[in-house]
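Q: My questions will all concern the structure given below.
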Amino acid sequence: MNGLLMNLALILRLRSGPQNLPASWPLMILLLAAYLAQNLITGQQLDDQNAAAKSLLAIGLQVVVLTGLLSWRKHIERFAQTLIALAAVGIFFNAVTWALLSLSDPTVNQPILAMAWFALFIWSLFVDAHIYRNALSVPFSIGMLVTVLVLAASYVLIEMVFILGNT
């Protein structure tokens with residue numbers, strides 16, 4: 001377990017990739033369940049009635065995209081490791097984001113808190129791009145493109161299903 005946490009810390013520092021994580025399907029399922037549970041709890045605290053469906057949709061999209069890209073690059077054996085890395089760093093970034101949100105007060109201008117959230121968002125993009133770069137054996141710029149496209153597709157899909165669908 002200590003080795004896993006050290007590898008995740010190295011991934012967060014862009015010093016290691018998912019290839020150094022175990023290819024464990026039970027660990028992958030456990031982390032995905034924890035990630036989903038964390039999203040549900042956060043969604044409930046933010047009074048989002050659709051948190052479960054939104055989380056499942058976003059995770060499902062990421063799984064489909066990852067499967068397609070790894071198959072295309074002929075690296076499908078990296079699937080479990082890559083999903084472990086994405087779920088683990090997602091749990092970390094969600095926890096820090098939740099901590100920042102709990103400090104926010106909508107009635108007060110908090111530029112330092114806003115900058116901290118923005119820095120965290122940028123860091124998360126770089127970490128995800130680093131994970132995709134290593135998993136797909138592509139340049140960092142392609143990893144960033146994949147990260148941004150997955151984020152945009154997730155946003156558009158959730159918009160279409162939950163916001164436009166309710167009008």
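Throughout, read-outs are computed from the coordinates displayed, never taken from laboratory work. Worth saying up front: this structure is predicted, and the values here are computed from it rather than measured. A quick note on method: Cβ atoms are made from the backbone with ideal geometry, for glycine too, and the neighbour counts reach across all protein chains shown.
Q: When all alpha-carbon pairs of the range 36-119 are counted, what percent fall beyond 16 Å?
A: On the way: 2188 of 3486 pairs.
Everything past 16 Å amounts to 63 percent.
Q: Taking only the alpha-carbon positions of the range 1-148 and ignoring solvent, what does the Debye formula give for the base-10 log of I(q)/I(0) at q = 0.13, 0.19 Å⁻¹?
A: Summing over Cα pairs of the range 1-148 leads to -0.61, -1.22.
Q: Next question, about the same structure. Contour minus end-to-end for L125 and L10, with contour as 0.36 nm per residue of separation and end-to-end as the Cα-Cα distance? Intermediate results must be reported in sequence, preceding the final value.
A: Values: separation 115, 0.36 × 115 = 41.40 nm, distance 1.56 nm.
Computed gain between L125 and L10 is 39.8 nm.
Q: Further question: Once R0 is set to 41 Å, what does the formula 1/(1 + (r/R0)^6) return for the Cβ-Cβ distance between I41 and S137, expressed as a FRET efficiency to the nearest 0.05? Write down the numbers at each step before the final one.
A: Numbers: r = 36 Å, r/R0 = 0.87.
My answer for the efficiency is 0.70.
Q: I'd like the distance separating the alpha-carbon centroids of the range 50-93 and the range 115-162, in whole Å.
A: Cα centroid to Cα centroid, the span is 11 Å.
Q: While we're here: Only Cα pairs within less than 10 Å get springs; with that Gaussian network setup on the chain, which residue of P139, P22, P106 has the largest fluctuation?
A: P106
Q: Grab the Cα-Cα distance for L113 and W25, subtract it from 0.36 nm times how many residues apart they are, and report the gain in nm with one decimal.
A: Numbers: separation 88, 0.36 × 88 = 31.68 nm, distance 3.74 nm.
Going from the current span to full extension adds 27.9 nm.
Q: Full extension from N2 to A153: what is 0.36 nm times the residue separation minus their Cα-Cα distance, to one decimal in nm? Before the final figure, lay out each step's value.
A: On the way: separation 151, 0.36 × 151 = 54.36 nm, distance 3.48 nm.
Gain on extension, N2 to A153, equals 50.9 nm.
Q: Here's another thing I want to ask about it. Among 81-93, 25-37, what's the highest-first ranking by average C-beta atoms within 10 angstrom per residue?
A: On the way: 81-93: 23.2, 25-37: 15.6.
Output ranking for 81-93, 25-37: 81-93, 25-37.
Q: Run the dipole for the range 1-147 about the Cα centre, Lys and Arg Cβ at +1, Asp and Glu Cβ at -1, nothing else charged, and hand back the magnitude in debye, nearest 20.
A: Values: 7 positive and 5 negative charges, 116 e Å.
Rounded to the nearest 20 debye, it is 560 debye.
Q: Using only the alpha-carbon atoms, how far is helix 79-103 inclined from the longest principal axis of the chain? Give it as 0 to 90 degrees, nearest 10.
A: Once rounded, the angle reads 20 degrees.
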